[in-house]
Every structure is written in C-alpha cells, then in structure tokens.
1. Give me the Kirkwood hydrodynamic radius of region 130-239, using the inverse of the mean 1/r over all pairs of distinct Cα atoms, in Å to one decimal.
2. Provide the convex hull volume over Cα atoms per residue for region 34-140, in Å³.
3. Could you list the chymotrypsin sites (Phe, Trp or Tyr not before Pro) in region 175-232 that lie in coil according to DSSP, counting only those with at most 15 other Cβ atoms within 10 Å of their Cβ?
4. Among 9/29; 114/191; 18/159, which pairs are too far apart, with a Cα-Cα distance over 18 Å?
5. Protein chains only, probe 1.4 Å: how do 224, 216 rank by accessible area, largest first?
6. Per residue, how large is the accessible surface of region 1-147? Use a 1.4 angstrom probe and give square angstrom.
7. Report P(r) for the chain: all Cα-Cα distances, bin width 5 Å, range 0 to the bin holding the largest distance, values in whole percent.
8. Step through the residues of region 210-216 one at a time and calculate ³J(HN,Hα) from phi using the Karplus curve (6.51 cos²θ - 1.76 cosθ + 1.60, θ = phi - 60°), rounding each to whole Hz and writing x for Gly and Pro.
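The values are calculated or read from the model by the stated rules, or taken from the named source; none is laboratory data. Model, not experiment: these values are computed from the prediction. For neighbour counting, all protein chains shown are included, and Cβ atoms are generated from backbone atoms with ideal geometry for every residue, glycine included. Surface areas here come from the heavy atoms of the whole protein model, side chains and all, with no ligands, DNA or RNA. Shrake-Rupley method; radii C 1.70, N 1.55, O 1.52, S 1.80 Å.
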Amino acid sequence: MTKQELNNKLLEACTTEKIDLIYIEELLKLGANPLGRVEDNGDNNLYDVVLYHFLNLANYENADDSDFFKITDLFLKYGMDILNPEVPYDDGNVLNPLWSFAFYDTETAMQVLKLLLDNGLDVESAELCWSHDLTDLGLPDFKLEEDYDYQMATETFRKVMLIASYPHIIDADEYLQKEIWFDENDYDITKFRNWNDFKYSIEPTDGNKLNKSIVRILEKDTIREVWKFGFEISPDEIK
C-alpha cells in the first residue's frame, strides 16, 4: 500500500461515524502521515481536514466531538509536527490547522489546544490561533446585547489566556503580551490552563460595544479578580 493510500484510509478512519482508534493506530504504525497529503477540494493536509470534520460536527450538528482529542493524542504519539506538513502552508488554500481553531469553541477544542501546547506547539502556530480569534471578535464591532454575545467573547478570551499560560509562548510573543496587558498584571498565568476555574466579566467603556471593553478574570471559588486587560484598548487609554 502506498503512503498516499495509507493517508486516504487514515482520513476515512478519522471521519467515519464510528471511530476505531485501534485501526487508526495500525495505519499510523504502517506509515500514514497525520499531516500527509489528502484531496479535499484540492490538496490539503490530513489533520486540518479532520479538524474541520469535528468542528462542523460539534458547532453545527451538536454532536459529540470528543474523539478528536483521542485522535490528536495518537497523532502526536506518532510524531505529528504542525510545522512540517506534506503540503506547504500558503496562507490561502492550505492553512495551518491552528488558524482553524478560531472557529472551534467546544470543551474538546480547548482540551485539544492544551494537548498541542503541552507537546510544544510553536509560537508562530499559536499566534495564528489567538490573533485570528481576536481579529474575528473585534472587526464586526459587536454590541453586548444578548447572553450569546458574552458567551462568544468569553470563549475567545479563555482560548487566548490558555495559549498565554505557556511560558514558551508568552515569553516570546510581545504582541500577545500587549493584548492581555501582561506587564500590568501579577498572577501565576499558568493557572489559566484550568480554564473552568475562572469566570469573565466584560465591562464596555463605549456604550454597549464589546470593542474598548475591560475584561476582568475572577477565580470562581474566591470571586477574586486575578487579571484585567482591555479589548481593543490600551492601559494608557483608561488612566
């Protein structure tokens, strides 16, 4: 069986209705590449296609997407390296899968993102995720009118703080430091890896607009504010 055939079988195994992890591992042992070339409206890399499958499953069909964590765990076990896809990323048709995480907001998505970070996800790929998330949140100039608006913003900020909680990311990314007012806060940032331990309070400074709002993060058990930053606003603008 050729590597291309193995990749095709791996894609099929990862996107079928009933996931067989033993079979997926057998294909990986035979040499199937988690970031190998597959056809998906043109050439693409397998992991990104698998990600979109589970993203659509969870976001649009409200189905269980937990198998995506198990699949990613296996892929990492067999050497998946986000920076080394078989089809080169071109910032157009072939995208780094971390860019796509901006659309993915389930608990499984957070667990998978943490898994990738625990396994040394690079700064460049992480930036594609958090910067895409914040851009999508800021460009439409949302108004905080419904619970859904607060939920959407909170999910984005939780993801950003999860990424920032890894020293190898935050220490090397000055732009991320500025976004979360890193130098204005004094708290163990690694604690944000436990994202469900915190609640977010969003306070608009311009009517009810999300842009130029103040975000406060509180520990759920103590209701103590532990972090504060502005969305689309700098510390100097509120002094």
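1. Working: mean 1/r = 0.0708 Å⁻¹.
When all Cα pairs of region 130-239 are included, the Kirkwood radius is 14.1 Å.
2. Details: hull volume 11.6 nm³, N = 107.
Spread over its residues, the Cα hull of region 34-140 gives 108 Å³ apiece.
3. Numbers: sites: 175, 181, 182, 187, 192, 195, 198, 200, 227, 229, 231; in loops: 181, 187.
Listed in order of number, the matching sites are 187.
4. Working: 9/29 13 Å; 114/191 12 Å; 18/159 29 Å.
As for pairs spanning more than 18 Å Cα to Cα, those are 18/159.
5. Numbers: 224 120, 216 60 Å².
My answer, sorted largest first, is 224, 216.
6. On the way: 7470 Å² over 147 residues.
Here the per-residue accessible area is 51 Å².
7. 1, 6, 13, 17, 18, 15, 11, 8, 6, 3, 1, 0, 0, 0
8. Per residue, the Karplus-derived 3J(HN,Hα) values read 5, 4, 6, 9, 9, 10, 10 Hz.
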